[in-house]
1. In segment 1-10, which residue that is assigned to a strand (DSSP E or B) and over 11 Å from the mean Cα position of the chain (by Cα) is surrounded by the most Cβ atoms within 10 Å (Cβ to Cβ)?
2. Quick one: in segment 47-77, which of the residues that are surrounded by 14 or more Cβ atoms within 10 Å (Cβ to Cβ) and charged (D, E, K, R) is nearest to residue 13 (Cα to Cα)?
3. Is there a residue being β-branched (Val, Ile, Thr), under 14 Å from residue 98 (Cβ atoms) and free of Cβ contacts under 8 Å to residues at least 24 places away in the same chain anywhere in segment 28-43?
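Nothing in this text is a laboratory measurement; each read-out follows from the coordinates by a stated rule. What you see is a predicted model, and the numbers here were worked out from it, not measured in a lab. Cβ placement follows ideal geometry from the backbone for every residue including glycine, while neighbour counts extend to all protein chains displayed.
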Amino acid sequence: QVQLVESGGGLVQAGGSLSLSCAASGSIFSINAMGWYRQAPGNQRELVATITSGGSTNYADSVKGRFTISRDNAKNTVYLQMNSLKFEDTAVYYCNAHVIMDWGRWGAYWGQGTQVTVSS
């Protein structure tokens, strides 16, 4: 089994910063892509940012220039540094990872989600 544990969510004022982390553990040989998604009440879950094992990143237009995704391969951990936060960033943030366990065994896993609330 593979588990993803998120941390770092909370309440922050507009214009402030918050850092999220997500650590993967379990039967892991390597992790390909990792990413962050978010879902606000009444909205669909949307991609925030992704990062490959080689460090290639992709961001949603709404967070470009404000958010930074990074990872520590040795720790199987992905981070999301969120700066210049806006009220519109309020959502539950979910971590995702494409995990390779061994030959013929792989899967996509999700964290339980962490609430980020930005006060205006």
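1. 2
2. Top of the filtered list is 66.
3. no
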